[in-house]
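Asks: Attaching a single structure in structure tokens format; questions to follow.
The values are calculated or read from the model by the stated rules, or taken from the named source; none is laboratory data. All figures in this text were calculated on a predicted structure; none of them were measured in a lab. Cβ placement follows ideal geometry from the backbone for every residue including glycine, while neighbour counts extend to all protein chains displayed.
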Amino acid sequence: MSEIAVRITNLSKKFSRTVALDNVSLNIPARTLYGMLGPNGAGKTTLFGVAAGFLKATAGEIEVQGINVKNISALRGRMSMLPQDASFQSGIPVIDQLTLFARLNGFDAPAAAKAAADALELVGLPDVAKKNARALSHGMLKRVALCQAFIGHAEVIFLDEPTAGLDPDNARRIRELVKAYKKDRTIIFSSHNLQEVQQICDHVCILHKGRVMECGTMDHLTSSSFLLRVTLDRPLASAAEGELSAHPLVAGIVREDDLSFQLKLNLENPGQKTDAMKMLYEVLGRHGLFPRSVNEGASLEARFLEITGGKFDGGSSS
């Protein structure tokens, strides 16, 4: 059995008459990059708040590395958290604020200064150490905020919407930093960007209305032997679509955009998958179309929409 880094048991949180978390139970394996998904109001940020000790659970508990978060002081230096709206004080150099965070994590003064400098180096921004936070761009501020989670040697790291509001280039930088920093750590990554979660996470949990809808490995959630995702070099011609739709091995076609579509297969046995792939290439070839990619299984977005009943308020593109 794999080691569990975070164990959540029958966790509930109510705000007056609003149920933010409803009897949530899940285990997050150690040394995974774990995606936490859900529409606005699903309970992701509330769960993070309870894990960090910012909020008190109505019922149930969270254990990180075997320690109940009610005893949050015992996790100092072992767990770190990047809140969704992390911010910096104006008028105080960035390095001084990061050094304070390190001191709060238990470092002495010299070690705190080094840990803060190392974190800025890690995110590629050593030159902003003496700058005021007001002088930094939004993308730079996001990367500096990430330093809070990267200070020291935390074993479990919670990142709540670390790429929210960023342009594609800065979002890519954050993803690359997170992937590179994982190593032997456990990172819980909350995001509305389904494409980025599918790209970097190996496990995922989908929350909806405060409840766990589905959890598992990324392969488990997106696998399907009856679906092909196809991207072409140019739009699918209506004649080609008609020929594909009429084939006995095809149950239906769902267009995703001008160049991409899902081919739902009608298979009686797994061996027919090869026949279906051959048929797909032959039909497209007859119409002068070339597949840029053909992938088996559903996209995470398709699975998410299926699980949540088509309700989604985030973006799926980077």
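Asks: Of the conditions (1) under 19 Å from the mean Cα position of the chain (by Cα); (2) at pLDDT 95 or above, SER12 satisfies every one except a single condition; which number is it?
Replies: For SER12, the exception is condition (1).
Asks: Quick check on the stretch 280-314: of everything there that is among the polar types (S, T, N, Q) and within 17 Å of the chain's Cα centre (by Cα), which residue is modelled with the lowest pLDDT?
Replies: Step by step, filter the stretch 280-314, then rank; the result is SER299.
Asks: Any idea how many residues of the stretch 241-252 are surrounded by fewer than 16 Cβ atoms within 10 Å (Cβ to Cβ) and either of a type in the set (S, T, N, Q) or in a strand (DSSP E or B) (or both)?
Replies: Result for the stretch 241-252: 3.
Asks: Further question on the same structure: Failed condition for GLN84, given (1) farther than 26 Å from GLY49 by Cβ; (2) touching a strand residue (DSSP E or B) at 6+ places or on another chain (Cβ under 6 Å), with all others met?
Replies: Going through the list (1) farther than 26 Å from GLY49 by Cβ; (2) touching a strand residue (DSSP E or B) at 6+ places or on another chain (Cβ under 6 Å), GLN84 breaks only (1).
Asks: Next question. Has the stretch 213-221 got at least one residue that is of a type in the set (Ser, Thr, Tyr) and in a strand (DSSP E or B)?
Replies: yes
Asks: Further question: If you check THR217, THR222, THR231, THR274, which single one turns out to be of a type outside the set (A, V, I, L, M, F, W, C) and over 30 Å from MET36 (Cα atoms)?
Replies: THR274
Asks: In this structure, is VAL69 β-branched (Val, Ile, Thr), touching a residue at least 12 places away in the same chain (Cβ under 8 Å), closer than 25 Å to LEU166 by Cβ and surrounded by 16 or more Cβ atoms within 10 Å (Cβ to Cβ)?
Replies: No; evaluated as a whole, the condition is false for this residue.
Asks: Which numbered condition in (1) assigned to a strand (DSSP E or B); (2) surrounded by fewer than 22 Cβ atoms within 10 Å (Cβ to Cβ) is the only one that ARG134 fails?
Replies: (1)
Asks: Looking at the stretch 222-240, is at least one residue in a helix (DSSP H, G or I), assigned by TED's automatic domain parsing to the domain that holds MET279 and surrounded by fewer than 17 Cβ atoms within 10 Å (Cβ to Cβ)?
Replies: Yes, the stretch 222-240 has at least one match.
Asks: Also, quick follow-up: For the stretch 176-212, how many residues meet the condition of being of a type in the set (Val, Ile, Thr) and part of a strand (DSSP E or B)?
Replies: Residues that pass the stated criteria total 6.
Asks: Go through the stretch 152-175 residue by residue and tally those that are part of a loop (DSSP other than H, G, I, E, B) and in contact with a strand residue (DSSP E or B) (Cβ under 8 Å, 6 or more places away or on another chain).
Replies: 5
Asks: Could you please give the count of residues in the stretch 7-52 that are in a strand (DSSP E or B), in contact (Cβ under 8 Å) with a residue 12 or more places away in the chain and out of contact with any Phe, Trp or Tyr (no Cβ under 8 Å at 6 or more places or on another chain)?
Replies: Count: 18.
Asks: Could you please give the count of residues in the stretch 254-271 that are part of a loop (DSSP other than H, G, I, E, B) and more than 12 Å from THR231 (Cβ to Cβ)?
Replies: Going through the stretch 254-271 one residue at a time, the tally reaches 6.
Asks: Residues ALA52, ALA57, ALA86, ALA102: which one is surrounded by 15 or more Cβ atoms within 10 Å (Cβ to Cβ) and more than 30 Å from CYS215 (Cβ to Cβ)?
Replies: ALA102
Asks: Can you name the residue in the stretch 277-302 that is of a type outside the set (Asp, Glu) and assigned to a strand (DSSP E or B) and is also surrounded by the fewest Cβ atoms within 10 Å (Cβ to Cβ) among such residues?
Replies: Filtering the stretch 277-302 for residues that are of a type outside the set (Asp, Glu) and assigned to a strand (DSSP E or B), the one surrounded by the fewest Cβ atoms within 10 Å (Cβ to Cβ) comes out as SER293.
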